[in-house]
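S.K.: First the structure, which I've put down as structure tokens, then a few questions once you've had a look.
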Amino acid sequence: MASSDPFGSEQDPELDISPLIDVAFLLLIYFLVTTTLQQSEADLSLVLPGVEQEDSKEVKIDQMLVLIDAQGAILVNDEFSDTDPNDRVLPNLTDRLTRYAASAEIANTETQVIIDCNPEAVGQRFIDVLNVCAKSGVKNVSLAN
């Protein structure tokens with residue numbers, strides 16, 4: 001008598017997914033290796049108040065104070081620079097910090113920008129100021145308060 005099962009008495013067929021897992025890991029490794037990450041936010045060296053370096057040397061530093069008020073207006077050394085809180089490019093601050101960095105390089109001194117941000121200001125405004133500092137070539141940024 002013939003069996004109605006076309007596979008006869010063999011076991012039930014199984015699907016081996018181990019090659020599929022190998023291919024998935026190879027694709028993952030490929031995309032990790034070939035992906036280029038763009039650094040949108042600059043890496044600035046922040047000098048926190050109260051922290052001193054042990055082997056720091058005496059450096060002549062010319063300082064500039066950047067104040068961000070609660071409405072998002074930016075004051076540089078107590079003079080209004082950019083008052084439109086929706087303008088993220090900050091052209092006046094960019095121009096001023098670029099000239100400041102260039103003059104410090106000519107005078108062979110280091111730049112120092114102190115950012116005093118009002119706690120009620122939008123956090124993106126602070127990030128915009130940091131981006132302008134990086135774009136302008138300011139190396140040392142400190143935070144007040």
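The values are calculated or read from the model by the stated rules, or taken from the named source; none is laboratory data. Note that this is a predicted model, so its numbers are computed, not measured. No Cβ is skipped: glycine too gets one built from the backbone with ideal geometry, and neighbour counts run over all protein chains shown.
S.K.: Just name the residue that is farthest from residue 124 (Cα to Cα) out of those in the stretch 81-107 that are of a type in the set (A, V, I, L, M) and within 20 Å of the chain's Cα centre (by Cα).
M.R.: 97
S.K.: Do the conditions hold for residue 10, that is, is it modelled with pLDDT under 70 and at negative phi?
M.R.: In short, yes.
S.K.: In the stretch 98-112, how many are outside any helix (DSSP H, G or I) and more than 12 Å from residue 141 (Cβ to Cβ)?
M.R.: 3
S.K.: Identify, please: which residue in the stretch 105-145 is among the charged types (D, E, K, R) and buried (at least 17 other Cβ atoms within 10 Å of the Cβ) and is, among those, nearest to residue 86 (Cα to Cα)?
M.R.: My answer is 125.
S.K.: Can you give me the number of residues within the stretch 113-127 that are in contact (Cβ under 8 Å) with a residue 24 or more places away in the chain, out of contact with any Gly (no Cβ under 8 Å at 6 or more places or on another chain) and assigned to a helix (DSSP H, G or I)?
M.R.: Number of matching residues: 3.
S.K.: What are the pairs with Cβ atoms under 7 angstrom where one residue, in the stretch 55-84, is at pLDDT 85 or above and the other, located anywhere, is assigned to a loop (DSSP other than H, G, I, E, B) and surrounded by fewer than 17 Cβ atoms within 10 Å (Cβ to Cβ)? Sequence gap at least six, or different chains.
M.R.: Here the result reads 64/77; 65/77; 68/118; 69/118; 70/118; 70/120; 72/122; 73/83, each pair linking the stretch 55-84 to a residue that is assigned to a loop (DSSP other than H, G, I, E, B) and surrounded by fewer than 17 Cβ atoms within 10 Å (Cβ to Cβ).
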